[in-house]
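*Asks:* Got a structure for you, written out below as structure tokens; questions coming shortly.
The values are calculated or read from the model by the stated rules, or taken from the named source; none is laboratory data. Because the structure is a prediction, the values reported are computed rather than measured. When we count neighbours, we look across all protein chains shown, and the Cβ atoms used for this are built from the backbone with ideal geometry, even at glycine.
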Amino acid sequence: MTETRNRSPRIKHVSWGQLEVEGRAEPYKDAKLFPGGSREWNWRDTGMAHRPGIQIADVQELLDHGAKIIVLSRGMAECLQVPRETLDFLKTAGVAVHVLPTKEAAALYNKLAESEAVGGLFHTTC
């Protein structure tokens with residue numbers, strides 16, 4: 001895990017299969033970014049797949065690290081799904097959520113990271 005104090009690390013570059021994040025030498029394929037750091041997003045940790053998509057367990061870590069706003073990327077071709085249960089969980093927790101294709105998600109995440117405790121899940125392929 002890469003630490004960046006308590007602010008959310010900025011995304012330096014995103015392209016197919018690569019997400020470059022400040023404070024980390026090697027790019028991620030898929031990543032979790034949150035206030036204070038980032039780490040590889042291993043889908044096997046929660047049994048996630050493109051369908052049904054991002055699980056509550058996938059976003060819980062972001063909340064545990066203090067994220068008050070969540071940005072979820074659906075992949076470059078928007079193949080990754082976000083189930084209603086996950087969105088309802090975040091709404092009930094009082095957390096604003098944005099669901100976008102990866103490049104747009106990265107741009108919004110960086111803008112929010114300037115002043116907000118933002119977390120994000122980034123999928124850099126399909």
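*Asks:* Can you tell me which residues in segment 104-126 are crowded, with 17+ Cβ neighbours inside 10 Å and assigned to a loop (DSSP other than H, G, I, E, B)?
*Replies:* 117, 124, listed by residue number.
*Asks:* Follow-up. Just wondering, is there one or more residues in segment 86-94 that are more than 20 Å from residue 20 (Cα to Cα), in contact (Cβ under 8 Å) with a residue 12 or more places away in the chain, in a helix (DSSP H, G or I) and of a type in the set (S, T, N, Q)?
*Replies:* Looking through segment 86-94, at least one residue is more than 20 Å from residue 20 (Cα to Cα), in contact (Cβ under 8 Å) with a residue 12 or more places away in the chain, in a helix (DSSP H, G or I) and of a type in the set (S, T, N, Q).
*Asks:* Could you run through segment 1-14 and say how many residues are loosely packed, with under 13 Cβ neighbours inside 10 Å and either modelled with pLDDT of 95 or more or not in a strand (DSSP E or B) (or both)? Write out each step before concluding.
*Replies:* We begin by selecting, within segment 1-14, every residue loosely packed, with under 13 Cβ neighbours inside 10 Å; these are 1, 3, 5-6, 13.
When the remaining residues are screened for being either modelled with pLDDT of 95 or more or not in a strand (DSSP E or B) (or both), the result is 1, 5, 13.
Of the residues in segment 1-14, 3 are loosely packed, with under 13 Cβ neighbours inside 10 Å and either modelled with pLDDT of 95 or more or not in a strand (DSSP E or B) (or both).
*Asks:* Return yes or no: is residue 66 under 16 Å from residue 123 (Cβ atoms) and not in a helix (DSSP H, G or I)? Lay out the reasoning, then the answer.
*Replies:* On the way: under 16 Å from residue 123 (Cβ atoms): no; not in a helix (DSSP H, G or I): yes.
No; evaluated as a whole, the condition is false for this residue.
*Asks:* Looking at 56, 70, can you tell me which residue is modelled with pLDDT of 95 or more, out of contact with any strand residue (DSSP E or B) (no Cβ under 9 Å at 6 or more places or on another chain) and aliphatic (A, V, I, L, M)?
*Replies:* Details: 70 fails: out of contact with any strand residue (DSSP E or B) (no Cβ under 9 Å at 6 or more places or on another chain).
Only one candidate qualifies: 56.
*Asks:* Next question, about the same structure. If residue 58 satisfies all but one of (1) assigned to a loop (DSSP other than H, G, I, E, B); (2) within 12 Å of the chain's Cα centre (by Cα); (3) among the charged types (D, E, K, R), what's the number of the condition it fails?
*Replies:* (1)
*Asks:* Please list, ordered by first then second residue, the pairs with beta carbon atoms under 6 Å, 6 or more apart or interchain, first in segment 34-46 and more than 12 Å from residue 57 (Cβ to Cβ), second surrounded by fewer than 16 Cβ atoms within 10 Å (Cβ to Cβ) and polar (S, T, N, Q).
*Replies:* Qualifying pairs under 6 Å: 35/6; 36/6.
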